[in-house]
There are 2 protein chains.
Amino acid sequence: MQALLIIANPNPGSFAHAMAAAATAVLQRPGIDIVTHDLYAEGFNPVQPVGEFGNTRSDDPLIEAHCAHLAAADLILVFHPNWWSQPPAIMKGWIDRVVRLGTAYRYPEGVGAAGSPQGLLKARAALVFNTSNTPPEREAAIFGDPLEGIWKKSVFALCGVTRVERRMFGPIAASTPEQRRMWLDEVGRLTSDALAHAG
Amino acid sequence: MQALLIIANPNPGSFAHAMAAAATAVLQRPGIDIVTHDLYAEGFNPVQPVGEFGNTRSDDPLIEAHCAHLAAADLILVFHPNWWSQPPAIMKGWIDRVVRLGTAYRYPEGVGAAGSPQGLLKARAALVFNTSNTPPEREAAIFGDPLEGIWKKSVFALCGVTRVERRMFGPIAASTPEQRRMWLDEVGRLTSDALAHAG
């Protein structure tokens with residue numbers, strides 16, 4: 001059983017990192033391999049170079065390692081702040097380069113790029129934990145909460161991951177230690193629940 | 001009168017580049033300054049470094065040049081492919097780093113990060129031209145066309161740009177020369193229309 005954690009926040013002391021630590025504490029059980037990629041810490045390059053688009057391999061060994069970990073994962077956990085109702089660029093580049101053709105999805109024979117791809121991921125469950133300074137009501141009412149559809153429909157459903165739970169905690173800037181403790185508890189609870197559906 | 005063009009496609013022979021050329025041909029009139037940034041060609045770094053988040057200045061001179069051009073623009077034109085219902089990472093990083101506090105928006109006195117910011121951009125009009133291999137009906141029905149809300153609401157409306165036209169042309173991979181000619185004509189027409197509302 002393999003759990004994959006992807007963290008995208010420039011600040012190592014961020015709440016995204018605290019949430020990843022809370023999830024890790026739950027995942028530390030016999031029989032679970034935990035693979036963690038802190039994109040900022042590892043210097044992940046999100047810019048898909050000329051020639052890589054549409055391809056099924058990369059000249060960047062870190063991309064190949066990421067793809068192998070994504071393909072092997074039974075449970076995927078993603079941690080990032082809401083920047084402009086979207087993931088930070090470094091996280092977007094993880095989607096562009098790692099969630100790739102032949103690794104995460106394929107086109108059935110006779111179906112071209114304009115058709116419906118088939119998901120290839122082994123993981124049956126994913127968790128997306130976002131932080132935000134925009135209140136959830138404002139994010140939903142004014143902006144339509146694009147992150148919800150992006151992660152659940154555009155990315156995970158397309159790749160065959162059917163059970164996706166997502167939470168957006170905030171406003172972070174003005175949160176109290178008590179709120180943050182409750183949010184970390186919820187991260188732990190959701191991680192524990194997801195284990196029952198993974199793989 | 002200043003027009004700002006931002007292009008994000010790894011392939012210099014892409015249809016995004018052809019659309020930018022079609023728009024440029026319309027903009028080449030007396031009294032219009034055209035500033036073009038081809039993000040891939042100029043090696044734009046989309047990763048917001050530790051310490052830059054929330055700030056109003058950057059140590060990267062290219063970011064400062066971008067911010068000056070954005071603030072001075074009367075008309076903004078954006079060209080990029082639809083990757084995962086979102087902009088490519090390099091374009092997302094332009095939003096993260098260039099469309100910044102103090103340049104593109106501000107919080108009125110007494111309003112914190114959880115409140116509603118005020119737009120600061122001088123431009124009154126923007127055009128967003130996307131290419132896609134996903135048919136428009138599928139993008140809307142299955143994924144909810146997140147790019148529409150991202151550009152119009154989350155980015156431009158927040159920064160005070162009220163008239164935003166967006167087109168997504170495709171499927172590109174299977175398009176005919178005749179279709180592409182018609183699409184380029186439409187780019188020219190929309191650019192010409194937008195000039196009447198810019199500034």
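The values are calculated or read from the model by the stated rules, or taken from the named source; none is laboratory data. What you are looking at is a predicted structure, and each value in this text was computed from that prediction instead of being measured. Counting neighbours? That spans all protein chains shown, and the Cβs are built from the backbone with ideal geometry, glycine included.
Some values worked out for this structure:
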item: Complete set of residues in the stretch A:134-165 that are surrounded by 18 or more Cβ atoms within 10 Å (Cβ to Cβ), on the phi < 0 side of the Ramachandran plot, not β-branched (Val, Ile, Thr) and not in a helix (DSSP H, G or I); result: A:Leu158, A:Cys159
item: Sole residue being of a type in the set (Gly, Ala, Ser), touching a strand residue (DSSP E or B) at 6+ places or on another chain (Cβ under 8 Å), within 14 Å of chain A (Cβ to nearest Cβ) and surrounded by 15 or more Cβ atoms within 10 Å (Cβ to Cβ), chosen from B:Ala73, B:Ala20, B:Ala8; result: B:Ala8
item: Pairs, first within 11 Å of chain B (Cβ to nearest Cβ) and under 20 Å from B:Phe143 (Cα atoms) in the stretch A:106-124, second crowded, with 16+ Cβ neighbours inside 10 Å and modelled with pLDDT of 95 or more, C-beta under 8 Å, six or more apart; result: A:Pro117/A:Tyr105; A:Pro117/A:Leu158
item: Pick from the stretch A:23-56, criterion of a type in the set (Gly, Ala, Ser) and more than 12 Å from chain B (Cβ to nearest Cβ), ranking: surrounded by the fewest Cβ atoms within 10 Å (Cβ to Cβ); result: A:Gly31
item: Tally, over the stretch B:127-148, of residues that are facing chain A (nearest Cβ under 8 Å), under 19 Å from B:Ala8 (Cβ atoms) and in contact with a helix residue (DSSP H, G or I) (Cβ under 6 Å, 6 or more places away or on another chain); result: 1
item: Some residue of the stretch A:127-146 being touching a Ser or Thr at 6+ places or on another chain (Cβ under 6 Å), under 21 Å from B:Pro136 (Cα atoms) and touching a residue at least 60 places away in the same chain (Cβ under 8 Å); result: yes
item: Subset of the stretch B:130-174 [among the hydroxyl-bearing types (Ser, Thr, Tyr) and more than 15 Å from the chain's Cα centre (by Cα)]; result: B:Ser132, B:Thr134
item: Hits in the stretch B:141-173 (condition: touching a Pro at 6+ places or on another chain (Cβ under 8 Å) and of a type in the set (S, T, N, Q)); result: B:Ser154
item: Which listed residue, of A:Asp193, A:Asp96, A:Asp185, is charged (D, E, K, R), on the phi < 0 side of the Ramachandran plot, touching a strand residue (DSSP E or B) at 6+ places or on another chain (Cβ under 7 Å) and in a helix (DSSP H, G or I); result: A:Asp96
item: Residue within the stretch A:174-194 that is in contact with a Pro (Cβ under 9 Å, 6 or more places away or on another chain) and small (Gly, Ala, Ser) present; result: no
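Per-residue answers, yes or no, for (1) out of contact with any Asp or Glu (no Cβ under 9 Å at 6 or more places or on another chain); (2) closer than 27 Å to A:Arg189 by Cβ; (3) not charged (D, E, K, R):
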position	(1), (2), (3)
A:Val128	no, yes, yes
A:Thr134	yes, yes, yes
A:Arg138	yes, yes, no
A:Phe143	yes, no, yes
